[in-house]
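Below is one structure; the comments refer to it alone.
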Amino acid sequence: MAENTLALLRYLSAEGSPIPTLTTYTRPTTVFYSYLGQFFIYSFTTAKIIYTSLFFATVFFVASTYKNLIPGRSVWSGQVRGVSAVVAGLIGTLLVPNAVAVFLRYVLGKGMSWFANEHSAIVLYAPSALLGALLSQHLIGPISEHTVFTALILLQSGSAFILQLLGVGSAAVFFLSALPLFIAALLNPLFSGSANKIALGTYALGQAFPLFGGVLLLLPVVEVFVPLTGRIGADAPADNLIATIVSSIGALSLPLVIPLAHRFGPRALRRGVIFMGVVTAVLVAVFSMRVPFDAMHQKRLFVLHLENVTTHEQSLHLASADGAPGFDLIANRVVDDFVSGWVVNTDASVALIPLPMDDYNSEWDSLYPFSAFLTTYRISLPVDSSYVSPWTAPGNGFAISAVNDVKDLAAGTRSLTLQINHPGLIWTVVAFDAHVLRWNLDGNPPSEYARHRVKEASFYGKDTWTIDLVLKLDAGNPDGKLLVNFVGLQEKAMWPGKKAVKAEGGIAMRLFEEFDAWIERTYEGTIDATLLGCVGGVVTI
C-alpha cells in the first residue's frame, strides 16, 4: 500500500501532472477489478453489452426451461415468487447476524468479543447468517428448487444490467456472481439428464467461483475492518458493522444456499433451521465468555498528563477509542490502584470525572479530529506547593498574545495577528469562537459564527507561529474579545518515545514511567498506552 501511495504521489506531483486540468468532475467510464488473481478492465460500453447479453440470455433460458407444475401459474408469476424467496433470504442473512450483534453488545454486555482474532468474526456471524437464510425460506414455504435457482440468476443478472445502465461500475459484482450460475444452469442437463431437475454437480460448478471470489474478498476486508473498530469510537456500532460485512459478503459467496434449502423438502429445512439455531446459540455462549483484547491485539489507551498554566492545576486524562465493554472499570482501577498510590503522601483526594467529548473539550485538541472518537475521563492531581512551572516563565513560557491589533468600529471589524509562543512544545492548537471574515490560512473561512481550531505542526525548535485574523464585531461582543483555548504536547514528555531523556520531561515523565510499568503488570500486556505530556490553558485576547 505504501509503495502504491508513493507512486501515485510522485505521478501526481511530477511535471505533466493531470491535477491542474481537473477543473470539473467527470463521471467514470471504466470498469476495473481484480478477480481470482487476474486484473480486468473494460469500458462502460463493453459492460453494458455483456451485462445486457447475459440478462436477456437468462430471460430466454428461464422462459424456455420453465415447467408448469401448478395449473394456471405462468412462468413469470413463478419467477416473481422465486425472486421473493431470494430477497427474503438476503434479508434474513443480514438480519439475524445483526440481531446476534445487538444481543451480545447490549444484552450480554460482551461487544467486540471477536476483536482478538480477525477471523473469529466469521466464526461467530457466518452460522447466524446461514440461520437467517434458512429461517426465511422456512417462513416463505415450499417453492420449486428449479424456480428459485433460475430466479436467483435472473435477479443477479438483472441487477447487473440495471445498475450498469445507471452508470454504477460496481454492477460487476452481480455479473461475476450471475455468470457462473448461468453457465452451470446451461450445463445442468448434462449432469441431471433433465432441464428441470438441478443436479448436485450443478451446485458444485455454479458455487465454485462465487465461493472462491467471496473468500478472497471476505478475508482481507475483515482483516482491515476488525482492527479498525478499535479506533472508531464507542458510539459506532462496531458489532453491527462487522456482522453486516460478514453476512453481506457471505451472501455473495454462497448464493446457492437459497435454492438448495428447497431441495430436500420442508422437514429437512426445519431440521436445518433447528441445527443452525443450536450452533448459533452455542457460539453466542462461547463468545460471551471471551475478552476482546490479548497481548497481540491490544486495547489502545490514550493518556494525557495536563498542566494548566492558567489555573495552575494538573490532571490525568484517560481516553479510549473503541466500544468494547470495561473502559469504565479500567479508569476506576487507575484511580483506586495507581493514582491513589501516586498521591499517597498528600491529603488530596482524587475523583474520576467523565467528560463529554464535544467542541469545548480542549484538552485533547492536539489529537483533533481523531479526538472526536474518544471516550474520556479526567482525574485531578495534587500539585506540590513548591512547584514552579517552567511553562509560565517570562519570555520562555507558553503564551498567546495579539499584535497588530486594530479595531474598525465603522466597519465593525477587529484585525489582529494571533501570536503563539511555545518553546519546548509541538502540535500546538488554538481554539476559539468567532465570526472570521478573513484569515491568512485560505480564502474561505466559514461565513458564520463558529468554533475554530488551528493546529501548527512545524519542526521541533520553531517556537513561534502566527495567524492573521479579521473578526466581525457584534452587539454581544462589541470589543471583539477573543476567548482562546490553547494546548500543546511536551516534546520531551512522550513515553516511551522519549524515555532516553526522561529526566528532561519533568513531572509527566516521572508519572508515565510508573504508570507504564503498572499497567503492563496489571493487564499483562493487553493494553497499549499512548502517554503524552501536555500543557494548556485559556486566555482572553
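The values are calculated or read from the model by the stated rules, or taken from the named source; none is laboratory data. The shown structure was predicted, so the numbers you read here are calculated from the model rather than taken from an experiment. Cβ: placed from backbone, ideal geometry, glycine included. Neighbour counts: every protein chain shown. The accessibility values were calculated without ligands, DNA or RNA, using every heavy atom of the protein model including side chains. Shrake-Rupley method; radii C 1.70, N 1.55, O 1.52, S 1.80 Å.
I'd like to compare 414-424, 11-21, 437-447: which one has the highest average count of other Cβ atoms within 10 Å, and what's the full order after that?
My ranking of the peptides, most packed first, is 414-424, 437-447, 11-21.
List the residues of region 499-541 whose backbone N lies under 11 Å from a point placed 7 Å from the Cα of Val291 along the Cα-to-Cβ direction.
Only 522-527 pass the distance filter.
Quick check: the distance between the Cα centres of region 114-181 and region 21-43, to the nearest angstrom?
24 Å
Quick one: Karplus J couplings for region 211-226, per residue in order, coefficients 6.51, -1.76, 1.60, θ = phi - 60°, nearest Hz, x for Gly and Pro?
5, 4, x, x, 5, 5, 7, 5, 4, x, 5, 5, 5, 8, 7, 5
Using the Karplus equation 6.51 cos²θ - 1.76 cosθ + 1.60 (θ = phi - 60°), what ³J(HN,Hα) coupling, rounded to whole Hz, does each residue of region 97-114 give in order, writing x for Gly and Pro?
x, 5, 5, 4, 4, 5, 5, 5, 7, 9, 9, 8, x, 10, x, 6, 5, 8
For region 1-147, which whole-number percentage of the solvent-accessible area (1.4 Å probe, protein heavy atoms only) is attributable to carbon and sulfur atoms?
68 percent
If you average the C-alpha positions of region 415-433 and of region 495-537 separately, how far apart do those two centres end up, in angstrom?
26 Å
Enumerate the aspartates and glutamates that Lys299 could reach by cross-link, defined here as Cα to Cα under 13 Å, with residues fewer than 8 away along the same chain left out.
Candidates past the 8-residue exclusion: Asp322, Glu520, Glu524, Asp528.
For the chain, build the convex hull from the C-alpha positions and give me its volume per residue in Å³.
Hull volume over Cα atoms, normalised by residue count, gives 223 Å³.
Could you sort 526-534, 358-366 so that the peptide with the highest average Cβ count within 10 Å comes first and the rest follow in order?
Ranked by mean Cβ neighbours within 10 Å, highest first: 526-534, 358-366.
Show me 33-45, 170-182 ranked by packing, highest mean number of other Cβ atoms within 10 Å first.
Put in order of decreasing packing, that is 170-182, 33-45.
Whose amide H sits under 5 Å from the amide H of Gly424, counting only residues 5 or more places off or on another chain, with H placed in the peptide plane?
The list, which skips near neighbours in sequence, is Gly461.
Straight distance only, please: which lysines reach the Cα of Lys197 with their own Cα at less than 20 Å, same-chain residues fewer than 8 apart left out?
Lys67
Per residue of region 30-47, in order, report the coupling 6.51 cos²θ - 1.76 cosθ + 1.60 (Karplus, θ = phi - 60°) as ³J(HN,Hα) in whole Hz, putting x for Gly and Pro.
10, 9, 8, 6, 10, 9, 6, x, 10, 9, 10, 8, 7, 6, 4, 4, 4, 4
Please work out the average accessible area per residue across region 217-283, using the 1.4 Å probe convention, and give it in Å².
45 Å²
Where Lys and Arg each count +1 and Asp and Glu each count -1, what net charge lies around Gly412 among other residues with Cβ under 11 Å from its Cβ?
Here the count lands on +1.
Could you name the aspartates and glutamates in cross-link range of Lys407, using Cα to Cα under 20 Å and dropping any fewer than eight places away on the same chain?
Reachable aspartates and glutamates: Asp433, Glu448, Asp468, Asp474, Asp479.
Need one word for region 64-190: rounded, prolate or oblate. Basis is the Cα gyration tensor (sqrt eigenvalues a ≥ b ≥ c); a/c below 1.5 gives rounded, then a/b vs b/c decides.
Prolate, since a/c reaches 1.5 and a/b exceeds b/c.
Please label the shape of region 168-224 as rounded, prolate or oblate, based on the square roots a ≥ b ≥ c of the eigenvalues of the alpha-carbon gyration tensor (a/c under 1.5 means rounded; beyond that, a/b larger than b/c means prolate, else oblate).
Oblate shape, in that a/c is at least 1.5 and b/c is the bigger or equal ratio.
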